[in-house]
Amino acid sequence: MVLVIYGCAVLAIITAAVYAKKVMAVSVEGSGTTEEVQKFKNISGAISDGAMAFLNREYTYVGIFTVLFALFMVFALNDSGTAINEGLFSAIAFLAGALTSCACAYLGMRIATLGNVRTTIQARKGIKEGFATAFHAGAVMGFGLCGLAVLGLISMCIIYSQFIHEPHVLMEMVAGFGLGGSTVALFARVGGGIYTKAADVGADLVGKVEQGIPEDDPRNPAVIADNVGDNVGDIAGMGADLFGSCAEGTCAALVIGATAVAITESTSAMLYPILISAVGIPACLLTAFFARLNSQAVSAEPALKKQLLLSTIFMTVCIWFATEWAMVDSFILGEQVVEKSGVLISVLSGLWSGLLVGYVTEYYTSHSYKPVREVADASKTGAATNIIYGLALGYESAVIPVIAIAVTTYLSWSLAGMYGIAMAAIGMISTMAIGLTIDAYGPVADNAGGIAEMSGLESGVRERTDLLDAAGNTTAAIGKGFAIGSAVLTALALFAAFLTRSGVETLDLLSPLVFAGMLVGGALPFLFTAQTMKAVGIAAFDMIEEVRRQFRTMPGIMKGETPPDYKTCVAISTTAALRQMIAPGLLVMATPLVIGFLFGVDAVAGLLAGSLIAGLVMALSSSNSGGAWDNAKKYIETGKLGGKGSDAHAAAVVGDTVGDPFKDTSGPALNILMKLMAILSLVFAPFFVSHGGVLLSWIKF
């Protein structure tokens, strides 16, 4: 069993290396005239330097925070009544998870910034070649991250088993790995989201609306910052988010499974949650062999959507074999007898509901379907009606995914209890290697179009990159829906593990303390959204003023005689993102700790339940509204409703600008709020049990 898991992890890392080699095999030298090659190097170099500089600064601050928080864990979780220092082991796992998450972000960012210019170069040959390079660059992120996640989880279990011999204590210590990954994900998602949208809003409002220049026009001072933002938000941010889901969901299943005697007596059954994530790697690798276009293709969207369906089908077979091989025939969880078939159905329900959530998201965010076209049509009467229709679409779009997740929750809970919930979460993210591949593909294709535009290449190249990018927009929206769905099930699994570790058998919703906690938890997603939206607004204000200043004081920019000052815009986005990410981060990290310390376990349980319910609907509606506004604009830009330059287009650009922080900052970051609060509560459950409720004790006294 252990060798199989390690083998799958190594396979993923080798696969990432092979795809990276394929990307680097495309030579920039000799790809055009001397002037074109120099432009390729200058533009891609500026994007790469900006992205890596931001990541270095961000992770310097995050590194300091994680070290300090690890020290806090050592003292807060140290229980002198046990044979081991639980705080020390949890802190080490926390740091390991944080480092692994950072490594995944650097890996994805590096190959994405090298793959964008090579996608541009290959797109000169044809759409088939351009698609292959962008897909290979995305696959480095997808398979590399999954390999490192599985490798980190199994290694923590094996290493800690040499020191900790009680299965439930062992898995509780390993849960720190998920907390470390999610902590880094919080700042990567929030900071990256603020960065990318500050640049995007500034570039769109001043460049496209006020100056009337095309998207990615080299005369726009914010264009490099905008391209950098695509990477820090949708590569590093999304990667850290899904790494957190993988680590946290697996840790939740390990903690719950360790309470069942039959599972603890079987090594294969104990490691079954990690095995499911591991066997997803060869299933996704087989799927990737079918990712190709022919030279006459007019869209890359069918090829990418086929990846989602094929990976789900292949994974269904792998899950059946893995369950038959590793899981015990039955075990007792609390007072419930759980059969192997119940575990299997739980995993499969999560897997297929994830696909359903993705397809529903596509329906509500792709301009191939009625909802987005209604938003575009509403633009004919101005920005106000565009925004009204976009908001309505977002609220409506949340209903079917919520029902799908509710059915999955009921089914898995009925068949396998809390363990079933955790395994459903793992099932949903079991095809993460492909999901991340097609999600990372989007920013690479988007950057490729920007490089083609800024390099002044022939129009046919930009047309091909636009076709590639259009598919990336659709799959990015699907990826966000998938990430939200997996975040909810992961948070629910962590919530179940928290109740298990805290010794809470039933949760009384009529308890004043629990209900008060639910009210506070329900308000948190709204406060968090307000903070992140305002953060984008503040950062965008500085960007808009700078872009306007350059156009006003440097008239040679519009004539093409004076190069814009790209570096100042990059610096503005970097500084603003790092400054504005602090308040939302502290809100998520501090709230469960303060509530648990002052009011105890029951209040924390209510807090988690309230934030989970409100966060799910808020995240889905925000992401889908933003995606719909974006694609309504792109629908008009295809020549419909007057095309570019029309009043409808101007209204749609405003709607898209409003939607940018919805879909790329606040909506996705709510994933982290739900998961991080839950994993934090799980890790600190012993502290809440032994030291929590001090304010209640004082009031009673």
D for the stretch 534-590, whole µm²/s, Stokes-Einstein with Kirkwood Rh over alpha-carbon pairs at 37 °C and 0.692 mPa s: what number? 256 µm²/s
For the stretch 198-209, take each phi angle, set θ = phi - 60°, evaluate the Karplus expression 6.51 cos²θ - 1.76 cosθ + 1.60, and give the result in whole Hz per residue in order, putting x for glycine and proline. 4, 5, 5, 5, x, 5, 6, 5, 7, x, 7, 7
Using the crude model of +1 on Lys and Arg Cβ and -1 on Asp and Glu Cβ, and no other charge, please compute the dipole size for the chain relative to its Cα centre, in debye to 20. 780 debye
Mind grabbing the accessible area of residue 367 for me, 1.4 Å probe, Å², rounded to tens? 50 Å²
Can you send over the carbon and sulfur percentage of the accessible area for the chain, probe radius 1.4 Å, protein chains only? 65 percent
For the stretch 660-677, take each phi angle, set θ = phi - 60°, evaluate the Karplus expression 6.51 cos²θ - 1.76 cosθ + 1.60, and give the result in whole Hz per residue in order, putting x for glycine and proline. 4, x, 4, 8, 10, 10, 5, x, x, 5, 5, 3, 5, 4, 5, 6, 5, 4
How would the stretch 21-66 be classified by its alpha-carbon gyration tensor: rounded, prolate or oblate, with rounded meaning a/c under 1.5 and the a/b versus b/c comparison settling the rest? oblate
What FRET efficiency comes out for the pair residue 289/residue 368, r = Cβ-Cβ distance, R0 = 25 Å, nearest 0.05? 0.40
Can you give me the accessible area per residue for the chain, using a 1.4 Å probe, in Å²? 34 Å²
From the P(r) of the stretch 149-270, could you give the percentage of C-alpha pairs in the tail past 17 Å? 64 percent
As a test of understanding, state the convex hull volume per residue of the chain from its alpha carbons, in Å³. 136 Å³
Distance from the Cα centre of the stretch 410-486 to that of the stretch 1-59, in angstrom? 18 Å
If one computes P(r) from the Cα atoms of the stretch 105-159, what percent of pairs lie at distances over 18 Å? 44 percent
Which links in 41/644; 640/663; 480/633; 128/305; 534/634 stretch past 28 Å when you go from one Cα to the other? 41/644
Long-range amide H contacts for residue 333: which residues qualify at under 5 Å (H placed 1.01 Å from N, peptide plane, sequence gap of 5 or more or a different chain)? 338
Calculated FRET efficiency, residue 554 and residue 36, Cβ-Cβ r, R0 22 Å, to nearest 0.05? 0.30
Packing rank of 595-601, 189-195, where each peptide gets the mean count of other beta carbons within 10 Å, highest leading: 189-195, 595-601
Between the alpha-carbon centers of the stretch 539-573 and the stretch 589-649, tell me the distance in whole angstrom. 31 Å
Determine ³J(HN,Hα), in whole Hz, for all residues of the stretch 172-185 in sequence, where each value follows from phi through the Karplus function 6.51 cos²θ - 1.76 cosθ + 1.60 and θ = phi - 60°; x replaces Gly and Pro. 5, 6, 5, 4, x, 4, x, 5, x, x, 6, 5, 5, 4
How would you order 564-575, 656-667, 243-254 from highest to lowest mean count of nearby Cβ atoms within 10 Å? 243-254, 656-667, 564-575
Could you tell me how many cubic angstrom of Cα convex hull volume the stretch 386-462 has per residue? 143 Å³
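The values are calculated or read from the model by the stated rules, or taken from the named source; none is laboratory data. Here the structure is a predicted model, which is why all the values come from computation and not from measurement. Methodologically, a virtual Cβ is constructed for each residue, glycine included, from the backbone with ideal geometry; neighbour enumeration extends over all protein chains shown. Accessible surface areas use protein heavy atoms only, side chains included; no ligands, DNA or RNA. Shrake-Rupley method; radii C 1.70, N 1.55, O 1.52, S 1.80 Å.
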